[in-house]
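Student: There's a structure below that I have some questions on.
Please treat every number below as a calculation from the coordinates, not as lab data. Note that this is a predicted model, so its numbers are computed, not measured. Methodologically, a virtual Cβ is constructed for each residue, glycine included, from the backbone with ideal geometry; neighbour enumeration extends over all protein chains shown.
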Amino acid sequence: MKTLILMRHAKSSWKNTEMEDKERPLNKRGKKDAPLMGAVILEKELVPQMILCSSAERARQTAEAVVEAVKFTGKVEYLDTLYLAEPTEILEVLRLMPDEYERLMVIGHNPGLEGLVQMLSRSVESMPTASIAHLYLPVEHWKDMRTDAIGELVEVLSPRTSKPKETKEKKKKKK
């Protein structure tokens, strides 16, 4: 059984309307939410063995914040094919992954990520910015990933609903 963690990039800036979509960076909220969700990943013991990330700037910055938050030392691949990828395109990338990786993370975009969650779990879930979907997949080999491989959606985590213990404890101390 394989584990897949899907993360939508954190909130991006629309400040510069002249900027190409692929070049848009994270905004203030995104810069706060990405490391917060990294802390959630660490707390829930969901640190992946490898991260596959869209080449868009907002996805890159999200990945960098997660990497720093979890002290990730594994491989991060930035792929143009994951930029605004459809669910089937994401599956194609996953099928190429070596079986030595039991737990992979994909950082990308909607609607592709929501579509992939629905395809793999038969569950319709909203994936707001910086949210994470945690899935168990009924395959031994990544190459066997198919649209009909129904996995188990363990949980969907978002910055609004998932605060790491450390953050909660800091807030209690302030009161």
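Student: Please verify whether GLU100 is in a loop (DSSP other than H, G, I, E, B), in contact (Cβ under 8 Å) with a residue 60 or more places away in the chain and either in contact with a Pro (Cβ under 9 Å, 6 or more places away or on another chain) or over 21 Å from ASP33 (Cα atoms) (or both), treating the condition exactly as stated.
Tutor: No: the conditions fail for GLU100.
Student: Being in contact with a His (Cβ under 9 Å, 6 or more places away or on another chain) and either among the small types (Gly, Ala, Ser) or loosely packed, with under 14 Cβ neighbours inside 10 Å (or both) is the filter here, so list the residues in region 66-94 that pass it.
Tutor: ALA85
Student: Report the residue count in region 107-124 for those that are among the β-branched types (Val, Ile, Thr), under 22 Å from GLU77 (Cα atoms) and without any contact (Cβ under 8 Å) to a residue 24 or more places away in the chain.
Tutor: Taking region 107-124 first, the residues among the β-branched types (Val, Ile, Thr) are 107, 117, 124.
Subsequent filtering for residues that are under 22 Å from GLU77 (Cα atoms) retains 107, 117.
Then keep just the ones that are without any contact (Cβ under 8 Å) to a residue 24 or more places away in the chain; that gives none.
Total meeting the criteria: 0.
Student: When the residues of region 126-145 are narrowed to those that are in a loop (DSSP other than H, G, I, E, B) and touching a Gly at 6+ places or on another chain (Cβ under 8 Å), which ends up surrounded by the most Cβ atoms within 10 Å (Cβ to Cβ)? Give the steps one after another, and end with the answer.
Tutor: Residues of region 126-145 in a loop (DSSP other than H, G, I, E, B): 126-131, 138-141, 145.
Restricting the remaining residues to those that are touching a Gly at 6+ places or on another chain (Cβ under 8 Å) gives 129-130, 138.
Values: THR129: 23, ALA130: 30, PRO138: 12.
Only one residue tops the list, namely ALA130.
Student: Related question: Could you check region 104-125 and list, in sequence order, the residues that are crowded, with 17+ Cβ neighbours inside 10 Å and either assigned to a strand (DSSP E or B) or hydroxyl-bearing (Ser, Thr, Tyr) (or both)?
Tutor: Correct list: LEU104, MET105, VAL106, ILE107, GLY108, SER121.
Per-residue answers, yes or no, for (1) part of a helix (DSSP H, G or I); (2) in contact with a strand residue (DSSP E or B) (Cβ under 9 Å, 6 or more places away or on another chain); (3) acidic (Asp, Glu):
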position	(1), (2), (3)
GLU45	no, no, yes
LEU52	no, yes, no
ARG58	yes, yes, no
GLN61	yes, yes, no
GLU68	yes, no, yes
THR73	no, no, no
VAL76	no, yes, no
THR81	yes, yes, no
LEU84	no, yes, no
